[in-house]
Amino acid sequence: MINQHDLPSDSPAGPEPELLTVKQVEALLHVKGQALWRWRSEGKGPPWLHVGRLVRYPKAELLTWIEDQTRRAEEHDVSRHWYFMKLCNQLQAAERTVIDLRIRLGRAEQAAAATGRKA
């Protein structure tokens, strides 16, 4: 890899991007190489490239991908919380309906008992 100091300051190529190995990305993301392979084959996961036969991950793009995943996870947590609250509200409404029906049934049974009929 070319060191940034080895390039002339007016070089059109600029500094070479830092490329991480599969092992380095495994350690950084706390996933196995098999997961990285599966993501690559499915077109998911962090951006990667081939250097000859070797798979490498551009560090800057990997860090951007991690930030995007974090943002998506936070958005997912918010939407999951909203869905949970919606379910709780529906459950409370159903419980109120059941209680209301029990009260009505109790009143009907009391009225029937008072008149000597069965509800």
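The values are calculated or read from the model by the stated rules, or taken from the named source; none is laboratory data. None of these values were measured; they are calculated from a predicted model. Note: ideal-geometry Cβ built from the backbone for every residue, glycine included; neighbour counts use all protein chains shown. The area values use the complete protein model at the heavy-atom level, side chains included, leaving out ligands, DNA and RNA. Shrake-Rupley method; radii C 1.70, N 1.55, O 1.52, S 1.80 Å.
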- Query: Within the range 5-40, restricting attention to residues that are surrounded by 10 or more Cβ atoms within 10 Å (Cβ to Cβ) and of a type in the set (S, T, N, Q), which residue is modelled with the lowest pLDDT?
  - Reply: Ser11
- Task: Using the structure shown, decide if Arg96 is free of Cβ contacts under 8 Å to residues at least 24 places away in the same chain, within 30 Å of Glu26 (Cα to Cα), surrounded by 10 or more Cβ atoms within 10 Å (Cβ to Cβ) and out of contact with any Cys (no Cβ under 6 Å at 6 or more places or on another chain).
- Result: no
- Task: Name, by its number, the condition in (1) more than 36 Å from the chain's Cα centre (by Cα); (2) modelled with pLDDT under 75; (3) not polar (S, T, N, Q) that does not hold for Gly106.
- Result: (2)
- Criterion: more than 18 Å from the chain's Cα centre (by Cα) and either β-branched (Val, Ile, Thr) or surrounded by fewer than 13 Cβ atoms within 10 Å (Cβ to Cβ) (or both) - qualifying residue of Gly43, Gly52: Gly52
- Query: Leu105 versus (1) open to solvent by 70 Å² or more (accessible area, probe 1.4 Å); (2) under 30 Å from Leu19 (Cα atoms); (3) touching a residue at least 12 places away in the same chain (Cβ under 8 Å): which is the lone unmet condition?
  - Reply: (2)
- Among helices (runs of 4 or more DSSP H) entirely inside the range 18-119, those with 3 or more residues being of a type in the set (Phe, Trp, Tyr) are 59-115
- Go through (1) in contact with a helix residue (DSSP H, G or I) (Cβ under 7 Å, 6 or more places away or on another chain); (2) free of Cβ contacts under 8 Å to residues at least 40 places away in the same chain; (3) not charged (D, E, K, R) one by one and return the number of the condition Leu62 breaks. (2)
